[in-house]
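Reviewing the structure listed below.
The values are calculated or read from the model by the stated rules, or taken from the named source; none is laboratory data. Everything numeric here is computed off the predicted structure, so don't read it as measured data. Positions of Cβ are backbone-derived with ideal geometry, glycine not excepted, and every protein chain shown enters the neighbour counts.
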C-alpha cells in the first residue's frame with residue numbers, strides 16, 4: 001500500500017524536524033511527503049543551514065490569507081496516486097517506526113475508510129492533559145460505524161487529523177474535506193464516511209506524541225471555534241449534543257485525579273472546564289453575537305474577516 005503524507009505548517013519549530021526524521025525512518029516509508037507551509041519566511045528561518053531536512057519533501061508555500069483547514073489539506077492531496085493519504089499536524093511526532101505500517105493494517109480492514117492514531121501526552125504535559133489523552137485515546141483499538149451512533153453519540157464521528165489516514169479513493173468519492181472551515185474538518189468528513197456506510201478505525205498501536213498545555217483562555221477560544229464549526233455544519237452535528245460527552249469527561253477526570261492521589265487537582269480542572277463550556281455555548285450562538293464579541297472569543301480572527309467579506 002502506497003501512502004502520501006500531507007502536513008500543513010505555520011511557524012514550525014523543532015517538532016517538525018523530529019516529525020520528518022521519524023517519517024523517513026518508518027519501516028514502511030511514505031511514498032511522498034508534502035508540506036503545505038503558511039508564510040514562507042517561517043519555514044526558511046527554521047531550515048536555515050539545514051536544508052537537508054527537506055530532502056525528498058515537496059514544499060508548497062501559501063499566504064496566511066490562503067490558509068483554510070479543509071482546502072489547504074485538499075491541495076496537499078491534489079494529484080496523489082497513492083492508495084492512502086496520511087494527514088498529520090506539524091507537532092505530532094511518531095512514537096516508533098511502525099506508525100504507517102500499523103495504520104495501513106487498520107485501513108485494510110473490511111469497509112474501513114479512515115483510521116486515526118493514538119495520541120500520547122508529551123513528557124512535559126500537565127496532569128489534565130495526560131488525562132485528556134488517555135480519555136480520548138485509550139489502549140484498545142476500535143472500529144466505529146453507523147450502528148454505533150446511539151451508543152457513542154458524537155464520538156462516532158471522532159477522528160483527528162493530527163494523525164489520520166484515509167483511503168484515497170473514498171476520500172475523493174466523498175468530496176474531500178469541506179472548505180471554509182474554522183477547523184474540525186476531520187469530524188465533518190468523518191460524518192460523511194459514517195453516513196456513506198463505511199467505518200472509521202481507531203488504531204491504538206499506531207502512536208504519536210501530541211499534546212498541548214492550553215491556558216484557560218486558550219481552552220475558551222478553542223471551544224468557541226469548535227462550537228462554531230458545529231453550528232456551521234448542522235448536516236454533521238445537528239441533533240447530536242457534545243455536552244453529555246463533557247459530563248462523562250468530567251466524571252472520568254475526577255476518578256483519574258483521585259487514582260493519581262491528586263484529588264485537589266480537580267479544582268483547577270473544573271475551572272478549565274467552565275471556560276470550555278462558556279466558550280462552547282457562545283460559539284453555538286456565534287451568528288447572534290456582535291462581530292466585536294466574536295473576534296474576542298475566537299482563536300481565528302482572520303477566518304471571520306474572510307467569512308464576513
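Which ones in the stretch 285-295 are out of contact with any helix residue (DSSP H, G or I) (no Cβ under 6 Å at 6 or more places or on another chain) and either closer than 22 Å to residue 127 by Cα or surrounded by 14 or more Cβ atoms within 10 Å (Cβ to Cβ) (or both)? Of everything in the stretch 285-295, just one residue is out of contact with any helix residue (DSSP H, G or I) (no Cβ under 6 Å at 6 or more places or on another chain) and either closer than 22 Å to residue 127 by Cα or surrounded by 14 or more Cβ atoms within 10 Å (Cβ to Cβ) (or both), namely 289. Here residue 282 passes the criteria (1) buried (at least 18 other Cβ atoms within 10 Å of the Cβ); (2) in a loop (DSSP other than H, G, I, E, B) except the one numbered (2). Taking the listed residues 54, 86, the one that is within 30 Å of residue 300 (Cα to Cα), modelled with pLDDT under 95, in contact with a helix residue (DSSP H, G or I) (Cβ under 8 Å, 6 or more places away or on another chain) and surrounded by 14 or more Cβ atoms within 10 Å (Cβ to Cβ) is 54, with no other qualifying. When residue 127 is tested against (1) without any contact (Cβ under 8 Å) to a residue 60 or more places away in the chain; (2) in contact with a helix residue (DSSP H, G or I) (Cβ under 8 Å, 6 or more places away or on another chain); (3) surrounded by fewer than 19 Cβ atoms within 10 Å (Cβ to Cβ), just one condition goes unmet, and that condition is (1). Within the stretch 193-250, being in contact with a strand residue (DSSP E or B) (Cβ under 6 Å, 6 or more places away or on another chain) and modelled with pLDDT under 95 holds for no residue.
Of all the numbered requirements in (1) in contact with a strand residue (DSSP E or B) (Cβ under 6 Å, 6 or more places away or on another chain); (2) modelled with pLDDT of 95 or more; (3) within 28 Å of residue 232 (Cβ to Cβ); (4) exposed (fewer than 15 other Cβ atoms within 10 Å of the Cβ), residue 34 misses one, and that requirement is (4).
Hey, any hits in the stretch 107-114 for a residue that's crowded, with 18+ Cβ neighbours inside 10 Å and over 19 Å from the mean Cα position of the chain (by Cα)? No, the stretch 107-114 has no match at all. Condition first: within 20 Å of the chain's Cα centre (by Cα) and assigned to a helix (DSSP H, G or I). Can you find one or more residues in the stretch 77-89 that meet it? Yes - at least one qualifying residue is present in the stretch 77-89.
Considering the conditions (1) part of a helix (DSSP H, G or I); (2) more than 23 Å from residue 212 (Cα to Cα); (3) in contact with a helix residue (DSSP H, G or I) (Cβ under 9 Å, 6 or more places away or on another chain), residue 44 is excluded by exactly one of them, (3).
Counting residues in the stretch 14-23 that are in a loop (DSSP other than H, G, I, E, B) and in contact with a helix residue (DSSP H, G or I) (Cβ under 8 Å, 6 or more places away or on another chain) gives zero.
Only helices (runs of 4 or more DSSP H) whose full extent lies in the stretch 202-268 are considered here, and the ones with at least 1 residues that are without any contact (Cβ under 8 Å) to a residue 12 or more places away in the chain and surrounded by fewer than 21 Cβ atoms within 10 Å (Cβ to Cβ) are 234-237, 243-259.
Criterion applied to 136, 161 was being touching a strand residue (DSSP E or B) at 6+ places or on another chain (Cβ under 8 Å), surrounded by fewer than 16 Cβ atoms within 10 Å (Cβ to Cβ) and within 18 Å of residue 187 (Cβ to Cβ), and the one residue passing it is 136. Examine the stretch 293-309 for a residue that is assigned to a loop (DSSP other than H, G, I, E, B) and without any contact (Cβ under 8 Å) to a residue 12 or more places away in the chain, and state whether such a residue exists. Checked the stretch 293-309: at least one residue is assigned to a loop (DSSP other than H, G, I, E, B) and without any contact (Cβ under 8 Å) to a residue 12 or more places away in the chain.
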